[in-house]
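The values are calculated or read from the model by the stated rules, or taken from the named source; none is laboratory data. A quick note: this is a predicted structure, and the numbers were derived from the prediction, not measured. Using ideal geometry, Cβ is built from the backbone for each residue, glycine included, and neighbour counts are taken over all protein chains shown. The accessibility values were calculated without ligands, DNA or RNA, using every heavy atom of the protein model including side chains. Shrake-Rupley method; radii C 1.70, N 1.55, O 1.52, S 1.80 Å.
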Amino acid sequence: MKWEDVCEHKQLQDLPFKIELNKWGQIVMSPVKIKHSFYQGRIQRLLESLLKTGEVMPECAINTSDGVKVADVVWCSEARFDQIQDEISASIAPEICIEVKSTGNTFDEMEFKKKLYLEAQAIEVWLCNEQGKIKFYNQQGELKNSLLVPDFPNQIKR
């Protein structure tokens, strides 16, 4: 299956699952809980308040070497957004790709997605755990804070 097929498929619309494709075109679905949505929304609002340029987007489909993955939240510069805005799935990752861990995710899956987004030219990947703690990464490894958004907190609070 191709990402275009997933987007057009009527029975796959409005499911309470995050849908992605693996490199064989198989659908991978991950259920999300309220806390996942809360962290996703809070991260998006914080990014919008701290960055005055570019685009902050939830659920961004990105082409990776392991199929189409959907980052929970991304930030994209205006230049990169101009490049991908008309694509069905992003041919190049936004500069910041953020994953919020779900109960169904393992640590290894989160690490794998981090690697995929960096390979797809993300500058930073942020991983948020189930307690709202965020770790920031770039090609060199873990960062103390985001270099692109230095004022972003490393803990999401209620």
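Being at pLDDT 95 or above, assigned to a loop (DSSP other than H, G, I, E, B), closer than 17 Å to LEU51 by Cβ and not β-branched (Val, Ile, Thr) narrows it down to one of PHE152, PHE136, so name that one. Outline the logic, then answer.
Numbers: PHE136 fails: assigned to a loop (DSSP other than H, G, I, E, B).
Result: PHE152 is the single residue among PHE152, PHE136 that is at pLDDT 95 or above, assigned to a loop (DSSP other than H, G, I, E, B), closer than 17 Å to LEU51 by Cβ and not β-branched (Val, Ile, Thr).
Here are some conditions: (1) touching a residue at least 40 places away in the same chain (Cβ under 8 Å); (2) part of a strand (DSSP E or B). PRO58 meets all but one. Which one does it not meet?
(1)
Considering only segment 80-110, how many residues are at pLDDT below 95 and either of a type in the set (D, E, K, R) or open to solvent by 20 Å² or more (accessible area, probe 1.4 Å) (or both)?
9
Select from segment 114-133 the residues that are open to solvent by 80 Å² or more (accessible area, probe 1.4 Å) and part of a helix (DSSP H, G or I) and write down the one among them that is nearest to LYS33 (Cα to Cα).
Narrowing segment 114-133 to residues open to solvent by 80 Å² or more (accessible area, probe 1.4 Å): 115, 119, 121, 131, 133.
Next cut, part of a helix (DSSP H, G or I) only: 115, 119.
Details: LYS115: 25, GLU119: 28 Å.
So the residue we want is LYS115.
If I filter segment 44-51 for residues that are assigned to a helix (DSSP H, G or I), modelled with pLDDT under 95 and either closer than 30 Å to PRO153 by Cβ or open to solvent by less than 70 Å² (accessible area, probe 1.4 Å) (or both), do I get at least one hit? Working first, answer last.
Here is the first cut: in segment 44-51, the residues assigned to a helix (DSSP H, G or I) are 44-50.
Checking the rest, the ones that are also modelled with pLDDT under 95 come to none.
Taking every residue of segment 44-51 in turn, none turns out to be assigned to a helix (DSSP H, G or I), modelled with pLDDT under 95 and either closer than 30 Å to PRO153 by Cβ or open to solvent by less than 70 Å² (accessible area, probe 1.4 Å) (or both).
Given the condition touching a residue at least 24 places away in the same chain (Cβ under 8 Å), farther than 28 Å from ASP5 by Cα and either touching a Leu at 6+ places or on another chain (Cβ under 6 Å) or open to solvent by less than 20 Å² (accessible area, probe 1.4 Å) (or both), answer yes or no: does some residue in segment 29-40 qualify?
yes
Any residue that is part of a helix (DSSP H, G or I), touching a Ser or Thr at 6+ places or on another chain (Cβ under 8 Å) and β-branched (Val, Ile, Thr) - is there at least one of those in segment 80-96?
Initial filter on segment 80-96 (part of a helix (DSSP H, G or I)): 80-84.
Still in the list and also touching a Ser or Thr at 6+ places or on another chain (Cβ under 8 Å): 83-84.
Cutting the leftovers down to β-branched (Val, Ile, Thr) gives us 84.
Checking segment 80-96: at least one residue is part of a helix (DSSP H, G or I), touching a Ser or Thr at 6+ places or on another chain (Cβ under 8 Å) and β-branched (Val, Ile, Thr).
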